[in-house]
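Structure first, then comments.
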Amino acid sequence: MKPARTALIATGCAAALLLSACGGEEKGGKTVRADGTMAPGSELKVGERAVVSFSDARKSGTIAITVKSVDLGPKEDLAEFKDKGEGTLPVYVRMVIENVGGTDLSDTSVSVRAVDADGKGTKVIMASGTAACKGETAPENFTTAGATYETCDTEGVKDGGEVGGVAFKDGDYQDAPITWKK
């Protein structure tokens, strides 16, 4: 074998070993960890699916989140909040949630936070949904691998502000969230 080819093969093997030692594999610009979940800090586009570790106060497992859309709603949708909705626009985040691990995740809920174009929080938190976007908890049958449900999370942005996407900040992702950009 020629020395140049041997060096090239050795370099490729070393890179593969380093990548496997870190427990991740690069797929389309996103890092997937050895357990199949998305690495913290990964950035996706709206419409892309991220497998993440998930837990709430009572249950934990592995889910996939596909953010289908991130849209501004009309100011009138916040009329029921009276003064608390003043100067704010609703942001509707439509998602499909899939039970990947097959554990009982019934009656759990997944939330994301709206972010601006730079990936920073919008500093507006909506405590509940609107008539146009009522967040759903996982149904009773969300207990097996492959089970899915659709939900809508209402977030907010200051009137005139920009929404660049949303971030999932639960569990492993608090310090380096998974972000879906518009």
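Quick one: grab the alpha carbon gyration tensor of region 85-132, order the square roots of its eigenvalues as a ≥ b ≥ c, and give me rounded if a/c is under 1.5, else prolate or oblate depending on whether a/b is larger than b/c. Prolate, because a/c is 1.5 or more and a/b exceeds b/c.
Full extension from residue 56 to residue 106: what is 0.36 nm times the residue separation minus their Cα-Cα distance, to one decimal in nm? Please report the intermediate quantities before stating the final value.
Numbers: separation 50, 0.36 × 50 = 18.00 nm, distance 1.11 nm.
Here the segment from residue 56 to residue 106 would lengthen by 16.9 nm.
Each principal axis of region 35-181 carries a Cα extent, and these read 43, 32, 25 Å when sorted largest first. Counted residue by residue at 0.36 nm each, then reduced by the alpha carbon distance between them, the extension gain from residue 118 to residue 137 reaches 3.9 nm.
Quick one: of 59/134; 45/169; 45/182; 30/182, which pairs are farther than 18 Å apart, Cα to Cα? Beyond 18 Å between Cα atoms: 59/134. Here the spin labels are modelled as points 7 Å beyond Cα on the Cα-Cβ line, and at residue 144 and residue 128 they lie 3.5 nm apart.
For region 102-144, trypsin sites (Lys or Arg not before Pro) meeting the loop criterion (DSSP other than H, G, I, E, B) and having at most 16 other Cβ atoms within 10 Å: 120, 123, 134.
Bear in mind that the values in this text are calculations on the coordinates, not laboratory data. The structure displayed is predicted, hence computed values, not measured ones. So basically every Cβ, Gly included, is an ideal-geometry build from the backbone, and we count neighbours across all protein chains shown.
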